[in-house]
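Each remark here refers to the structure printed beneath this line.
The values are calculated or read from the model by the stated rules, or taken from the named source; none is laboratory data. Because the structure is a prediction, the values reported are computed rather than measured. Here the Cβ positions follow ideal geometry from the backbone for every residue, glycine too, while neighbour counts run over all protein chains shown.
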Amino acid sequence: MKKRMIFVGPPGAGKGSQAKILSEALNIPHISTGDMFRMHLKNQTPLGLLAKSYTDQGLLVPDSVTNDMVKERLNQDDVKNGFILDGYPRNPNQAEYLDQLLGSLEWQIDVVLNVTSEDDIIIKRITGRRTCPVCGAIYHIDNHPPKVEGICDNDGSPLVQRKDDTEETVKRRLSVYNEETFPLIAYYQNKGLLIDVDGNRELSSITKDILEILGA
Ligand code: AMP
Ligand code: ZN
């Protein structure tokens, strides 16, 4: 079964939701560099404060900072049985760094899942997104509302909108994706690792497809 995977694709295509579901289903860690930066910010670490100046604008955090953080994460024990990278790598330089890092650990990526969607759908999805600051659950005001408006189903916490989920910043993130991240599609296609997954469907049917791709 394929257990070392990368999610690529534009922001808001549903990578994070799928990565979370799979992480629980397969019992392997979900490594989201975006979540890691947000956690650092919540804890007011120097790394978090540095990252904030980029994330707030929808720009990429510098590669050296991001690569170091991922290196440290992939050296922890819980990734030995597999991992789900979500939002990393985000440009060709990070992809090359990851190849070297995995090479030194004597690992290989099994599959790269390219979750696709269109810009207008993405903008609707992201601007309607609300998250739970406590458990990380993701909701959508129209497509996947919580039982009680503005409140997490799991723990009753008030939901929040990410600061970079406003329309203006989403547009910036989409153009950053097109310029910096999109070349990774060809990069992984050339390695024979890329599989497209249509993100414009029910979460559960996307998950079903992915589990099949993984051979789970
Ligand atoms: P995400 O939650 O994946 O949409 O990431 C939120 C923000 O964190 C991005 O808009 C970037 O500012 C930053 N970020 C996340 N992953 C990376 C990465 N691999 N390289 C650089 N910046 C990143
Ligand atoms: Zn919650």
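Residues that are within 15 Å of the chain's Cα centre (by Cα) and either assigned to a helix (DSSP H, G or I) or among the aliphatic types (A, V, I, L, M) (or both) within the range 46-58 comprise just one, T55. With (1) buried (at least 16 other Cβ atoms within 10 Å of the Cβ); (2) part of a helix (DSSP H, G or I) as the list, and Y88 as the residue in question, which single condition is left unmet? For Y88, the exception is condition (2). Just the residues that are free of Cβ contacts under 8 Å to residues at least 40 places away in the same chain, touching a helix residue (DSSP H, G or I) at 6+ places or on another chain (Cβ under 6 Å) and outside any helix (DSSP H, G or I), please, taken from the range 1-45. Answer for the range 1-45, where residues must be free of Cβ contacts under 8 Å to residues at least 40 places away in the same chain, touching a helix residue (DSSP H, G or I) at 6+ places or on another chain (Cβ under 6 Å) and outside any helix (DSSP H, G or I): there is none. Listed conditions (1) closer than 24 Å to R90 by Cβ; (2) hydrophobic (A, V, I, L, M, F, W, C); (3) in a loop (DSSP other than H, G, I, E, B) are all met by I126, apart from (3). Among residues of the range 59-84 that are over 19 Å from A19 (Cα atoms), those with a Cβ under 6 angstrom from a residue that is not in a helix (DSSP H, G or I), sequence gap 6+ or separate chain, pair up as L60/R90.
Applying a threshold of 7 Å to beta carbon distances and a minimum spacing of six or more residues, or different chains, the list of pairs starting in the range 136-163 at a residue that is of a type in the set (K, R) and modelled with pLDDT of 95 or more and ending at one that is near ligand 2 (Cβ under 9 Å from one of its atoms) and in a loop (DSSP other than H, G, I, E, B) reads K147/D153. Can T116 be described as out of contact with any helix residue (DSSP H, G or I) (no Cβ under 9 Å at 6 or more places or on another chain), closer than 23 Å to L59 by Cα, in contact (Cβ under 8 Å) with a residue 24 or more places away in the chain and polar (S, T, N, Q)? Yes, satisfied. Within the range 97-112, take every residue that is part of a loop (DSSP other than H, G, I, E, B) and surrounded by 15 or more Cβ atoms within 10 Å (Cβ to Cβ) and give me the one that is modelled with the lowest pLDDT. Looking at the filtered set, the residue picked out is W107.
None of K15, K80, K71, K20 is touching a strand residue (DSSP E or B) at 6+ places or on another chain (Cβ under 7 Å), under 27 Å from G103 (Cβ atoms) and either near ligand 1 (Cβ under 8 Å from one of its atoms) or among the charged types (D, E, K, R) (or both) except K15.
Within the set D142, D155, D120, the sole residue that is exposed (fewer than 13 other Cβ atoms within 10 Å of the Cβ) and within 16 Å of ligand 2 (Cβ to nearest atom) turns out to be D155.
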